Structures are given as structure tokens and as C-alpha cells.
């Protein structure tokens, strides 16, 4: 979180997820809830909260991942996050399902290993938004 005196001006969250790549479950730091108060945008606050999360990802996870909004695509690309170009899927109680609406919006931050970004990627199950 980023504060200006007692006012919250930016925030982001990092949660543990498992993403499956080539049959291997990867310990993934999943970024969500990135936001900057409208009147404080374009002042580096989003970059500051992301830099903190990226440091945690690099120190504690095999991979960073996130599902970006259309507005967020250039922001994450400029920070060095890589667009996942393969098909996306999710584990659900009914089995693995295709999530085509997520294609073109999933970014990863590899930590120490390279990944073929054209392969399929499967996220673990959770209530609400799967990605």
C-alpha cells in the first residue's frame, strides 16, 4: 500500500497460487488488486507498489503472474512482464476448463527459468474470478 499522510493512494496484493505448466505445478506469486487513486495516477505510485511485489516474487516464488485489464497491458509490458501467448485453462470442481476470455491478458514474470510462452497454462481453482 502507498499512503499520503493518512490517505491510501495506491495498493496491490500478492497471493500464492499454483499454475500448471507442462504438467508441473509452479509456486506462483499472483498479483491482483493493483489500483491507484484517480487523482494520483501518473506519479509513479503504481510502479512503486509493483516494485515491492516484484521483489517478493523474485525472492519467494518460481513465477509471477497476473491477469491484466486492457488499460493495464502497456503498464505491465513496460515493467518487463511477459505476455503469455498460449491458451489458458482453469482447474474447477468439474475438471479443467478452457478460459478463452483470459487469453491475451495473462502476464508472467519468470524467476530464474525460461518458459515457452506459447504453451498452455492452467490456474488452480478459486471462487470468483478464476484468473
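Taken together, the values in this text are just the output of simple stated rules run on the coordinates, not laboratory data. In this text the structure is predicted, and so the values were computed from the model without any measurement. In this analysis, Cβ positions are derived from the backbone assuming ideal geometry, glycine residues included, and neighbour counts consider all displayed protein chains.
Counting only residues that are closer than 14 Å to residue 109 by Cα and surrounded by 19 or more Cβ atoms within 10 Å (Cβ to Cβ), how many does the range 22-51 have?
6
Is it the case that some residue within the range 61-68 is over 23 Å from residue 101 (Cα atoms) and either more than 14 Å from the chain's Cα centre (by Cα) or assigned to a loop (DSSP other than H, G, I, E, B) (or both)?
Yes, some residue in the range 61-68 is over 23 Å from residue 101 (Cα atoms) and either more than 14 Å from the chain's Cα centre (by Cα) or assigned to a loop (DSSP other than H, G, I, E, B) (or both).
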